[in-house]
Amino acid sequence: MTSVIQTQLALMVQQLEKLLSQPVPEKRLVRIELPFPAIHLQGFLAAQDGCEKAFWRDREGDHAIAALGYSWSETLSCRQDLACAFASAHKILSHLPAHRSSHCLCYLSFADDEASIWPAFGYGRVILPLLELVQTRKGTVLGVNLRSDNTLEYHGSIRKALEIIAALNYCQQLPEADFTFQLAGYQPDANVWNQLVDKARQAFASGVLDKVVLSRETCLKLEGHLSPFSLLYAWQQANPHSYQFLFQGQGQTFFGCSPERLVKRLENIISTEALAGTIVRGQNLLEDAQLESLLMSDGKNIHENRLVLDDICHRLQPFCQSLEADRSHSIVKLRHIQHLRYQIRGVLNHDVSDQQLLDVLHPTPAVGGAPREDAFSFIAANEPYARGLYAGVCGIVGVQKSDFSVAIRSARLADNALMLYSGAGIVKDSVADEEWSELGNKIATVLDILDRQQTGDIAVLSGQAGQRVDSDHDYAALSSRTC
């Protein structure tokens, strides 16, 4: 395998060196592609040093991108910057032949007010990888994207690509776990959470809100080295029908394994979903089926899901020639929890842009609330921490296809701490203690992985029914766990 990799990289080096002696092309983007053997993308990325890295994989497992270095990127300071950044991305990508399927990666925060943004990442970023490995059903491709606006930039991007290739480590082995962790605290803690739920119920009673999604940051103190690539891979093995994403910013890493699609566009066909309403998995098949039946008929959860569905359809209708949703809700099963879901499909009007779709959809009531602006105001005024990229957007943007996930089931690694994020939709019938337990259930998969890594038993994790989690009891034991 290593010899095949070396051969293809040597061919890429030859092509890049040849370009240095040729005139700068008129097109703004030159892409070189070579077939590449199938490799472990997360392991390969984990082995590399000295360049910016990013990773994205779609929910179906049809498309994955591992990026090393950036050919072009644009950092966003607020939502208003998105239109210009996406227009630039589309313009750059439009210079490629139709059969070349290159994409820009992107991430956006939940909100763009200064108090909500993580400084290491800003509001968002749109990225064209310099060197990338792209895996699809057709195989794996090694691609290099070269900007060619001027001679200096063009030759500089070629030399940077050559430097990355020269420094590559061919290892595909994920790093072994070598850390310990313990609970450092919550934001908000249980007492403040109860107060927030009470305050939300007052807003429901006065008619200000119909729903608000409140969230929690769980901070784990680390000693040793935790690889986000190893954790991300195990996370996906536990919840296989999920998006994967990983982005770096100023010494921090944001990554996650999200089950929720914001919107996917193929030409002018879009698909999205209303994913809201949660219950735990059962400890066996019979109990799991009973819990599923309970969720399917539970008035509180159905109401919460319907608010999301109605809002999404209302917002998308003006942009679509046709729009339809499932006649009834279905179930999405993850390792520790299951959700209600309505799937939504539509045909876009002519010239509707990706930026317009994100403007009307992000954030949905599944992560914000309803009415939208009132829920945002409530969250901004009451949540005691900055959500940053949590409940934001991670995805790819392209000419033919764009695909965006909601950045839930996510984590942030910073120095010697791992922050885990979870949220719960609060409606008039919500009970604070039950919603607090739901926050724990939504990060139970990650805690399970961290616990199992000490035994090397990660391979047994899969999407089958898992145990319910009593979060208070679970975290009381964290200080004694070693990974």
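The values are calculated or read from the model by the stated rules, or taken from the named source; none is laboratory data. Keep in mind that this is a model prediction, so the values were computed, not measured. Every residue, glycine as well, gets a Cβ built from its backbone with ideal geometry; the counts of neighbours run over all protein chains shown. Side chains are part of the model used for accessible areas, which takes the heavy atoms of the whole protein and leaves out ligands, DNA and RNA. Shrake-Rupley method; radii C 1.70, N 1.55, O 1.52, S 1.80 Å.
Quick look at the numbers
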read-out	value
Qualifying positions in segment 316-344 - in contact with a Ser or Thr (Cβ under 8 Å, 6 or more places away or on another chain), basic (Lys, Arg) and at pLDDT below 90	Arg335
Subset of segment 398-423 [open to solvent by less than 10 Å² (accessible area, probe 1.4 Å), outside any strand (DSSP E or B) and either modelled with pLDDT under 95 or closer than 19 Å to Ser88 by Cβ (or both)]	Gly398
Among the candidates Ala386, Ala366, Ala375, residue that is farther than 21 Å from Asp62 by Cα and open to solvent by less than 10 Å² (accessible area, probe 1.4 Å)	Ala375
Where Val30 falls short, out of the listed (1) open to solvent by 20 Å² or more (accessible area, probe 1.4 Å); (2) farther than 20 Å from Leu133 by Cα	(2)
Selection status of Ala380, over 18 Å from Leu439 (Cα atoms) and not in a loop (DSSP other than H, G, I, E, B)	yes
Filter pass, Asp311 being at pLDDT 85 or above and surrounded by 14 or more Cβ atoms within 10 Å (Cβ to Cβ)	yes
Verdict on Leu358 being surrounded by 15 or more Cβ atoms within 10 Å (Cβ to Cβ), under 28 Å from Ile443 (Cα atoms), at pLDDT 95 or above and within 25 Å of the chain's Cα centre (by Cα)	yes
Filtered residue count, segment 351-377, keeping only those that are in contact with a Lys or Arg (Cβ under 8 Å, 6 or more places away or on another chain), touching a residue at least 60 places away in the same chain (Cβ under 8 Å) and part of a helix (DSSP H, G or I)	5
Leu323, sole failed condition from (1) outside any helix (DSSP H, G or I); (2) within 20 Å of Leu439 (Cα to Cα); (3) without any contact (Cβ under 8 Å) to a residue 60 or more places away in the chain; (4) hydrophobic (A, V, I, L, M, F, W, C)	(2)
Options Pro240, Pro259; residue that is over 12 Å from the mean Cα position of the chain (by Cα) and either among the polar types (S, T, N, Q) or farther than 13 Å from Leu45 by Cα (or both)	Pro240
Within segment 57-82, tally of residues that are open to solvent by less than 40 Å² (accessible area, probe 1.4 Å) and within 23 Å of Val360 (Cβ to Cβ)	5
Subset of segment 284-305 that is out of contact with any Leu (no Cβ under 9 Å at 6 or more places or on another chain) and among the charged types (D, E, K, R) - its residue that is farthest from Asp354 (Cα to Cα)	Glu287
Ile312 vs. criteria assigned to a helix (DSSP H, G or I), in contact with a helix residue (DSSP H, G or I) (Cβ under 8 Å, 6 or more places away or on another chain) and β-branched (Val, Ile, Thr)	yes
Matching option when the condition is within 30 Å of Gln250 (Cβ to Cβ), in contact (Cβ under 8 Å) with a residue 12 or more places away in the chain and not polar (S, T, N, Q), among Ala38, Ala64	Ala64
Flag for Gln248 being in a helix (DSSP H, G or I), of a type outside the set (D, E, K, R) and either modelled with pLDDT under 95 or open to solvent by 10 Å² or more (accessible area, probe 1.4 Å) (or both)	no
Residue identified as more than 17 Å from Gly398 (Cβ to Cβ) and part of a strand (DSSP E or B) among Leu105, Leu131	Leu131
Subset of segment 251-260 [modelled with pLDDT of 95 or more and open to solvent by 10 Å² or more (accessible area, probe 1.4 Å)]	Gln252, Thr253
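Let's see how each residue does on (1) of a type outside the set (Val, Ile, Thr); (2) free of Cβ contacts under 8 Å to residues at least 12 places away in the same chain; (3) in a loop (DSSP other than H, G, I, E, B):
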{"site": "His90", "(1), (2), (3)": "yes, no, no"}
{"site": "Arg125", "(1), (2), (3)": "yes, no, no"}
{"site": "Val141", "(1), (2), (3)": "no, no, no"}
{"site": "Gly156", "(1), (2), (3)": "yes, yes, no"}
